[in-house]
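Here the structure is laid out as structure tokens; the discussion comes afterwards.
Each value in this text was obtained by applying a stated rule to the coordinates, not by laboratory testing. These numbers were taken from a predicted model, which means no experiment stands behind them. Here the Cβ positions follow ideal geometry from the backbone for every residue, glycine too, while neighbour counts run over all protein chains shown.
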Amino acid sequence: MSYNVKTEKQNAILERKEFRTFEDLDVYQEAREFRKKMYAVTRRLPDFEKYDLGSQIRRAAVSLTNNIAEGHGRYHFGDQVRFFLGSRGSLQELVDDLNVCADENYLEAEKIELLKNDAWRVLGLMNGCLRYLRDRKADGPSVVREGRVNTTEDDEAWVWLNEALSAAAPF
């Protein structure tokens with residue numbers, strides 16, 4: 001008799017439907033799709049913008065998903081908050097890049113509006129993740145630490161998080 005431990009373990013994970021990696025997060029999945037759309041924008045830019053604005057868009061788009069992934073991989077509250085806020089900043093930068101595309105008539109207004117709507121959806125999911133982190137922190141320590149116990153960094157991250165969420169749009 002043989003046991004297929006890997007299959008049994010995979011089935012158990014699927015049945016529980018738990019988040020296992022950053023790739024399972026809705027916010028990452030939506031941000032990844034948005035990143036792909038922004039890469040497509042860079043292919044439609046005029047040749048003289050492909051290395052300036054196009055490069056800027058690609059860097060911000062990659063930063064968007066990279067920071068979600070890295071923040072998810074951190075166990076320290078302050079690090080998680082900082083990376084998600086960095087990702088949120090990259091998203092805002094991409095919205096401004098869409099404004100440049102609109103101002104310079106690089107894309108149709110309808111296309112820009114659709115992309116901005118996608119961006120606001122991602123922003124709403126990010127704010128939800130940040131609220132989750134805030135609420136989890138408020139409930140007390142329930143996460144494995146990387147050798148740190150309630151530091152001033154945690155206090156600073158707490159302030160940043162509350163400021164970011166209080167200034168956020170209502171999503």
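Quick rundown of the values:
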item	result
Exposure proxy order (Cβ contacts within 10 Å, fewest to most) of Glu93, Glu23	Glu23, Glu93
Equivalent ellipsoid, the range 21-167 (semi-axes from 5 times Cα gyration tensor eigenvalues, Å)	33, 14, 13
Neighbour-count order for Ile57, Ile68, fewest beta carbons within 10 angstrom listed first	Ile57, Ile68
Label-point separation, Val100 to Arg44 (7 Å along Cα→Cβ), nm	1.7 nm
When the convex hull of its Cα atoms is projected in every direction, mean area for the range 26-96 (nm²)	4.5 nm²
Residues Val159, Val81 arranged by fewest to most Cβ contacts within 10 Å	Val159, Val81
